[in-house]
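The values are calculated or read from the model by the stated rules, or taken from the named source; none is laboratory data. Just so you know, these numbers come straight off a predicted model, no measurement behind them. Neighbour counts are summed over all protein chains in view; Cβ atoms, including those assigned to glycine, are modelled from backbone coordinates with ideal geometry.
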């Protein structure tokens, strides 16, 4: 189990790093039928759509700080929950958001690939 956790930790780091500056790596990490739920709008985003807006520069992540995470395994599936701080731009609009997320990975062949992701903004209540 410990080696699976270490492996998933590396995959998660690669995912966040790829969002910032490595679309080719992102293409490898996402399953072809990957579906993401946008943290800001709640819309469904396909792998192709995500790669298109990142490659075009329409969506840019400047900084992603992973605050915490944990992983649970179910055979060839891993569910990762955690929280992040995201900074970037979408079009001409900059954003800074704290979020809680769920990533679902499946072991496809010898590699873990992201098959689904959901983000939810965290708002501070005073």
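Output the number of the condition that residue 34 fails; it satisfies all remaining conditions of (1) touching a residue at least 40 places away in the same chain (Cβ under 8 Å); (2) surrounded by fewer than 18 Cβ atoms within 10 Å (Cβ to Cβ); (3) touching a helix residue (DSSP H, G or I) at 6+ places or on another chain (Cβ under 8 Å).
Failing condition for residue 34: (2).
Taking region 88-126 as the search range and keeping residues that are assigned to a strand (DSSP E or B) and surrounded by fewer than 12 Cβ atoms within 10 Å (Cβ to Cβ), which one is nearest to the chain's Cα centre (by Cα)?
Of everything passing the filter in region 88-126, 96 is nearest to the chain's Cα centre (by Cα).
Exactly one of these conditions fails for residue 55: (1) over 20 Å from residue 23 (Cβ atoms); (2) free of Cβ contacts under 8 Å to residues at least 40 places away in the same chain; (3) surrounded by fewer than 16 Cβ atoms within 10 Å (Cβ to Cβ). Give me its number.
The failed condition is (1).
Just to be sure I understand, how many residues within region 46-65 are assigned to a strand (DSSP E or B) and under 19 Å from residue 34 (Cβ atoms)?
Pass one, region 46-65, residues assigned to a strand (DSSP E or B): 46, 59-65.
Of the ones still in play, those that are also under 19 Å from residue 34 (Cβ atoms) are 46, 59, 61, 64.
Here the count works out to 4.
Quick check on residue 97: is it touching a strand residue (DSSP E or B) at 6+ places or on another chain (Cβ under 6 Å) and modelled with pLDDT of 95 or more?
Working: touching a strand residue (DSSP E or B) at 6+ places or on another chain (Cβ under 6 Å): yes; modelled with pLDDT of 95 or more: no.
No, not satisfied.
Scan region 63-83 and tell me whether some residue there is surrounded by 17 or more Cβ atoms within 10 Å (Cβ to Cβ), within 28 Å of residue 3 (Cβ to Cβ), within 14 Å of the chain's Cα centre (by Cα) and without any contact (Cβ under 8 Å) to a residue 24 or more places away in the chain.
No, there is no match, as no residue in region 63-83 is surrounded by 17 or more Cβ atoms within 10 Å (Cβ to Cβ), within 28 Å of residue 3 (Cβ to Cβ), within 14 Å of the chain's Cα centre (by Cα) and without any contact (Cβ under 8 Å) to a residue 24 or more places away in the chain.
One line per residue, one yes/no per condition, for (1) more than 16 Å from residue 118 (Cβ to Cβ); (2) touching a helix residue (DSSP H, G or I) at 6+ places or on another chain (Cβ under 7 Å); (3) part of a helix (DSSP H, G or I):
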residue: 15; (1), (2), (3): no, yes, yes
residue: 18; (1), (2), (3): yes, yes, yes
residue: 42; (1), (2), (3): no, no, no
residue: 86; (1), (2), (3): no, no, no
